[in-house]
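Handing you a structure now.
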């Protein structure tokens, strides 16, 4: 059975290969270990292998892990956001990836203001326009920018997406490049300032394509921890 250390070594080799093909620096890629449903022991094994950034989908599960693991770890929230749980996310997570509506953004801003904090966020784009999935549609997001700019207690740091699961390689490239082009347009027009650089895209099945299209953060679960039970 492959250990997390073995899996991580292979991942790093493949990340380096994808970067070499696309003329990128592997140091520019942040690997987020998707630790949802993973035990404390599994996370400790990942830490021992050298990882310090973990992505969680569920508020209570993440809180339980944060309570017993070292405070030096970096926690990212990557799951669907319920407005009634926002108060537990703000300031607990270094970065919230999945801000997919004006209402959620406003709620984060409100809760962050109450805590005297500016919360870094990524805006989730529903690349495939899937009605079953959260996130801004591309045109909808560009229309929302003026409103989002009024929120002073969030720090817009980039974009996130999760393409449709049935997408083929050509479609994936299109979804990922589309997100990069949107980020570049926003940067060029100075909509959120020059810190709006992150592209959180790519998971275990498609991270090499995402890297070639400009990902700065990849969210890896199965390829690191193995199949979930």
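Pairs of alpha-carbon atoms within less than 8 angstrom and 6+ residues apart define the contacts here; what relative contact order does the range 1-67 have, in percent?
Details: 36 pairs, mean separation 22.9, N = 67.
Reported relative contact order: 34 percent.
So what's Rg/Rh here for the range 4-221, counting alpha carbon atoms and using the Kirkwood radius for Rh? Don't jump to the answer; show the numbers that get you there.
On the way: Rg = 16.8 Å, Rh = 17.7 Å.
On the Cα set of the range 4-221, Rg over Rh gives 0.95.
What value, in deg cm²/dmol to 500, does the helix sum -39500 (n - 2.57) over DSSP H runs of n ≥ 4 give at 222 nm once divided by the residues of the chain?
Helix contribution divided over all residues of the chain: -12500 deg cm²/dmol.
Indicate the gyration tensor shape class of the range 11-104 (rounded, prolate or oblate), computed on the Cα atoms with a ≥ b ≥ c the square roots of the eigenvalues: a/c under 1.5 is rounded; otherwise a/b larger than b/c is prolate and the rest oblate.
oblate
Would you please put 157-166, 52-61 in order of how densely packed they are, using the mean number of other Cβ atoms within 10 angstrom per residue and starting with the highest?
Result, highest mean first: 157-166, 52-61.
Can you work out D for the range 135-219 in µm² s⁻¹ from Stokes-Einstein, where Rh is the Kirkwood radius over C-alpha pairs, the temperature is 4 °C and the viscosity is 1.567 mPa s? If you can, show how the numbers build up before the last one.
Details: Rh = 13.4 Å.
For the chosen part, D equals 97 µm²/s.
Further question: Give me the distance between the Cα centres of the range 87-121 and the range 143-219, rounded to whole Å.
When both Cα centres are located, 18 Å separates them.
Okay, moving on. Set the Förster distance to 35 Å, then compute FRET efficiency between residue 25 and residue 131 from the Cβ-Cβ distance, nearest 0.05.
Approximately 0.40, to the nearest 0.05.
Okay, next question. Can you tell me the order of 80-88, 100-108, 18-26, 196-204 when each peptide is scored by its average per-residue count of other Cβ atoms within 10 angstrom, highest first?
Per-residue mean Cβ counts within 10 Å order the peptides as 196-204, 100-108, 80-88, 18-26.
So between residue 189 and residue 139, what do we pick up on full extension, going 0.36 nm a residue minus the alpha carbon distance? Don't jump to the answer; show the numbers that get you there.
Values: separation 50, 0.36 × 50 = 18.00 nm, distance 1.59 nm.
Using 0.36 nm per residue and subtracting the Cα-Cα distance, I get 16.4 nm.
Between residue 146 and residue 58, what is the FRET efficiency for a Förster distance of 41 Å, r being their Cβ-Cβ separation, to the nearest 0.05?
The formula returns an efficiency of 0.80 here.
Return a whole-number percent for the relative contact order of the chain, with Cα pairs under 8 Å and 6 or more residues apart as the contact set.
Once normalised by length, the contact order is 21 percent.
Each value in this text was obtained by applying a stated rule to the coordinates, not by laboratory testing. Because the structure is predicted, anything quoted here is derived from the model rather than measured. Using ideal geometry, Cβ is built from the backbone for each residue, glycine included, and neighbour counts are taken over all protein chains shown.
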